[in-house]
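Scroll down for the structure; my scribbles are underneath it.
The values are calculated or read from the model by the stated rules, or taken from the named source; none is laboratory data. Keep in mind that this is a model prediction, so the values were computed, not measured. Positions of Cβ are generated from backbone atoms using ideal geometry, with glycine treated the same way; all protein chains shown enter the neighbour counts.
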Amino acid sequence: MNKQLQVKNPKTMAFILMLGAFLGLFGETALNMALTNIMEEYSITAGTAQWLTTGYLLVLAILVPITALLMRWYTTRQLVIGGLVISLFGGILAALSPTFMVLLLGRIIQAIGTGLILPVMTTVLLIIFPVHKRGTVMGLMGLVITLAPALGPTLSGVIISALDWPYIFWISSLLYVLLTLYAIAKISNVSEITKPKIDFA
């Protein structure tokens, strides 16, 4: 991966991918501060409520390696925009959830979107910047990956105090809408489509 791939706006692409990853990883821990409220609202136990975080992480862990294969079947634009739209749909579903199961489904859908964006971010950023800038880019990626989950409880705590827990999803959804529109205008295709055979077994 020493060859740089020329794109029109590498910094813009980096911003879109990093912000998309930040929003997804923020969502990973954002509900931690709202679990008590959710337990009361849906009359569920702590063990059941904890699936909102555990389920998210489980789906994320499954999707990240699968996306490495999907990158050989779908273009960069399809995966990035698809990941953002899926996350947006999951956020809206979770914000409107009439039952706990719908809320959990929304979280799982959000995790699918994040699971698509994370590997794409890592791969794309390493091929659109020259070798001498990749250390800086990897440092920024590391900052996004560690900072977003750390800020999740703090920012969501502020949102819950000022508004209510569904607004965690409404605010994220608004940002996803803006980011998706920006991605449609700015994301370039950089992946090589080879469509390798899939060993389903």
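Checking the conditions here, which among 114, 136 is crowded, with 16+ Cβ neighbours inside 10 Å and of a type in the set (S, T, N, Q)?
Values: 136 fails: crowded, with 16+ Cβ neighbours inside 10 Å.
The match here is 114.
Does residue 57 count as at pLDDT 85 or above, crowded, with 21+ Cβ neighbours inside 10 Å and under 26 Å from residue 146 (Cβ atoms)?
On the way: at pLDDT 85 or above: yes; crowded, with 21+ Cβ neighbours inside 10 Å: no; under 26 Å from residue 146 (Cβ atoms): yes.
Considered against the rule, which asks whether it is at pLDDT 85 or above, crowded, with 21+ Cβ neighbours inside 10 Å and under 26 Å from residue 146 (Cβ atoms), residue 57 comes out as no.
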Is it the case, given these coordinates, that residue 89 is part of a helix (DSSP H, G or I) and either over 19 Å from the mean Cα position of the chain (by Cα) or modelled with pLDDT under 90 (or both)?
no
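For (1) under 18 Å from the mean Cα position of the chain (by Cα); (2) modelled with pLDDT under 85; (3) buried (at least 17 other Cβ atoms within 10 Å of the Cβ), each residue gets a yes or a no:
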residue	(1), (2), (3)
132	no, yes, no
148	yes, yes, yes
152	yes, yes, yes
159	no, no, yes
164	no, no, no
168	yes, no, yes
177	yes, no, no
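From the list 136, 99, which one is modelled with pLDDT of 90 or more and over 16 Å from the mean Cα position of the chain (by Cα)? Steps first, answer last, please.
Numbers: 136 fails: modelled with pLDDT of 90 or more.
Result: 99 is the single residue among 136, 99 that is modelled with pLDDT of 90 or more and over 16 Å from the mean Cα position of the chain (by Cα).
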With the checklist (1) among the hydrophobic types (A, V, I, L, M, F, W, C); (2) in a loop (DSSP other than H, G, I, E, B); (3) without any contact (Cβ under 8 Å) to a residue 40 or more places away in the chain in hand, flag the one item residue 102 doesn't pass.
(2)
